[in-house]
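**Student:** What follows is a structure written as structure tokens; I'll ask about it next.
The values are calculated or read from the model by the stated rules, or taken from the named source; none is laboratory data. Predicted model, so just to flag it, every value in this text is computed and none were measured. So basically every Cβ, Gly included, is an ideal-geometry build from the backbone, and we count neighbours across all protein chains shown. When the accessible area is computed, the model is the full protein with side chains, heavy atoms only, and any ligands, DNA or RNA have been set aside. Shrake-Rupley method; radii C 1.70, N 1.55, O 1.52, S 1.80 Å.
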Amino acid sequence: MHHHRPAWVRSSVVVIGALALSIVSVVAQTPADNTKVNTRDRAKGAVTADQQKENANDRDLTRRIRRALMQDKSLSSYAHNVKVVAQGGQVTLKGPVRSDQEKQTVEAKAIEVAGAGHVTNEISIAPAKPSKK
């Protein structure tokens, strides 16, 4: 036995089906997720610039190390832009430089300002790509 549904029932089923599909596609488009990076930066012991609160001594340390780096014209722009974060007199250096020599130079300048045993060197080395002739 075959039942004939009224036309409005058939068309409403089509509309409901289309709505369900559009809802599913909206849910699937979730925004980019940076939680891994943010979690890493909040990880225990990770030093971030915003942790360098209103401590005048730490600010002064950072400024003096920055000045020493900028005055050394032998350093690459990478070395000039190393992150210097001071917390309670302890200085952490982060970011890429061009060579091991630069890494040591930056660390030595930080130690001159902050003192031996007060510098943690987390600098990475990113050599310049050879230029194609």
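**Student:** Any idea which residue in region 122-132 is most open to solvent (accessible area, probe 1.4 Å), counting only those that are more than 14 Å from residue 86 (Cβ to Cβ) and either at pLDDT 95 or above or in a strand (DSSP E or B) (or both)?
**Tutor:** Restricting to residues being more than 14 Å from residue 86 (Cβ to Cβ) and either at pLDDT 95 or above or in a strand (DSSP E or B) (or both), the top hit is 125.
**Student:** Could you please find all residues in region 91-107 being over 13 Å from residue 119 (Cα atoms) and in a strand (DSSP E or B)?
**Tutor:** Matches in region 91-107: 95, 96, 97.
**Student:** Then there is this: Are any residues in region 91-118 touching a strand residue (DSSP E or B) at 6+ places or on another chain (Cβ under 8 Å), of a type in the set (Gly, Ala, Ser) and either more than 27 Å from residue 129 (Cα to Cα) or open to solvent by less than 30 Å² (accessible area, probe 1.4 Å) (or both), and if so, which ones?
**Tutor:** Once the filter is applied, which keeps residues that are touching a strand residue (DSSP E or B) at 6+ places or on another chain (Cβ under 8 Å), of a type in the set (Gly, Ala, Ser) and either more than 27 Å from residue 129 (Cα to Cα) or open to solvent by less than 30 Å² (accessible area, probe 1.4 Å) (or both), region 91-118 yields 95, 110, 114.
**Student:** Is region 81-90 home to any residue that is in a helix (DSSP H, G or I), of a type outside the set (D, E, K, R) and open to solvent by 30 Å² or more (accessible area, probe 1.4 Å)?
**Tutor:** Within region 81-90 (the criterion being in a helix (DSSP H, G or I), of a type outside the set (D, E, K, R) and open to solvent by 30 Å² or more (accessible area, probe 1.4 Å)), the answer is no, since none of the residues qualifies.
**Student:** Taking region 63-80 on its own, how many of its residues are open to solvent by 100 Å² or more (accessible area, probe 1.4 Å) and either touching a strand residue (DSSP E or B) at 6+ places or on another chain (Cβ under 8 Å) or assigned to a loop (DSSP other than H, G, I, E, B) (or both)?
**Tutor:** Total satisfying the criteria: 1.
**Student:** Considering each residue of region 37-62, count those that are loosely packed, with under 14 Cβ neighbours inside 10 Å, at pLDDT below 55 and either β-branched (Val, Ile, Thr) or within 19 Å of residue 106 (Cβ to Cβ) (or both), and give that number.
**Tutor:** 2
**Student:** Quick one: count up the residues across region 108-121 that are on the phi > 0 side of the Ramachandran plot and either assigned to a helix (DSSP H, G or I) or not small (Gly, Ala, Ser) (or both).
**Tutor:** The total comes to 0.
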